[in-house]
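Heads up, the thing below is written out as structure tokens.
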Amino acid sequence: MSILKVARIGHPAVRAKARDLTRSELRSPQIQTLIDDMIQTMHEYEGVGLAAPQVHMSLRLAVIEVPSYDERTTKAVPLVVLVNPKVTLLGDEKVAGVEGCLSIPGLRGMVPRSRRLRLEALDRAAKPYEVETEDFYARVIQHECDHLEGDVYLDRMEGMRTLAFIDEFEKHHNAQGQE
């Protein structure tokens with residue numbers, strides 16, 4: 001397995017719309033290795049998700065894993081692979097939350113997201129699955145699926161006033177009890 005280079009905002013790979021994978025492509029050794037490398041890269045950079053466009057591959061593929069010790073949620077999410085995901089938002093409720101991105105290093109901002117959703121996707125074995133989820137897991141799914149459309153969290157922010165460097169954000173916002 002390898003640690004992959006993460007494309008940063010400004011690189012065309014981050015803004016390109018990704019294409020679907022065929023089932024035969026998904027089963028190929030090359031794509032299975034890519035999935036393993038994406039997981040290792042996500043862990044290396046302490047992310048909770050990583051989409052293929054972030055590692056210069058314009059494919060509708062992402063990995064997500066939220067460890068139990070992550071302070072942003074009380075619910076761990078075991079490792080999940082999303083292939084050709086389709087998201088259906090459930091309800092009108094939106095929740096603002098802090099987001100960052102491996103492709104936008106060092107920054108955080110408040111992003112409104114739908115609280116609940118339904119995800120339909122293929123797993124790494126090309127088997128379809130469906131899940132309904134809410135809160136932080138729903139936020140991470142929406143964030144990673146945005147990457148597959150060529151979007152980043154900055155595009156979802158209602159304004160730039162909450163955009164901050166991580167160290168400044170932690171120093172000033174967390175001290176005030178804000179997230």
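Worth pointing out:
- For the chain, the Cβ-based charge dipole about the Cα centre amounts to some 460 debye (Lys, Arg positive; Asp, Glu negative; other atoms uncharged).
- In this view, the solvent-accessible surface of His11, computed with a 1.4 Å probe and all protein chains in place, comes to about 80 Å².
- The simple spin-label model puts a point 7 Å past each Cα toward its Cβ; for Leu89 and Glu170 those points are separated by 3.2 nm.
- For region 79-179, the solvent-accessible area works out to 51 Å² per residue, with a probe of 1.4 Å and every protein chain left in place.
- Percentage of interatomic Cα-Cα distances in the chain larger than 20 Å: 52
- Förster radius 41 Å - calculated FRET efficiency between Thr74 and Ser24 (Cβ-Cβ, nearest 0.05): 0.55
- Restraint check, Lys75/Lys127; Lys17/Lys94; Lys94/Lys127, Cα-Cα greater than 27 Å: Lys94/Lys127
- Nearest-10 value in Å² for the accessible area of Arg27, using the 1.4 Å probe: 140
- Surface accessible to a 1.4 Å probe, Ile3 within the full protein complex, Å²: 70
- Sequence-distant residues sharing a close amide H with Arg19 (under 5 Å, placed H): Leu59, Arg60
- Note on the chain: with neighbouring protein chains present and a 1.4 Å probe, carbon and sulfur make up 50 percent of its accessible heavy-atom surface.
- Label-point separation in nm, Thr162 to Ala126, each point 7 Å along Cα→Cβ: 4.2
- Per-residue ellipticity at 222 nm computed for the chain from its helices equals -7500 deg cm²/dmol, with DSSP H segments shorter than 4 residues left out and the rest contributing -39,500 (n - 2.57).
The values are calculated or read from the model by the stated rules, or taken from the named source; none is laboratory data. Here the structure is a predicted model, which means the values were calculated and not measured. Reconstructed Cβ throughout: ideal geometry from the backbone, glycine too, with neighbour counts over all protein chains shown. Protein only, heavy atoms only, side chains kept; ligands, DNA and RNA dropped before computing areas. Shrake-Rupley method; radii C 1.70, N 1.55, O 1.52, S 1.80 Å.
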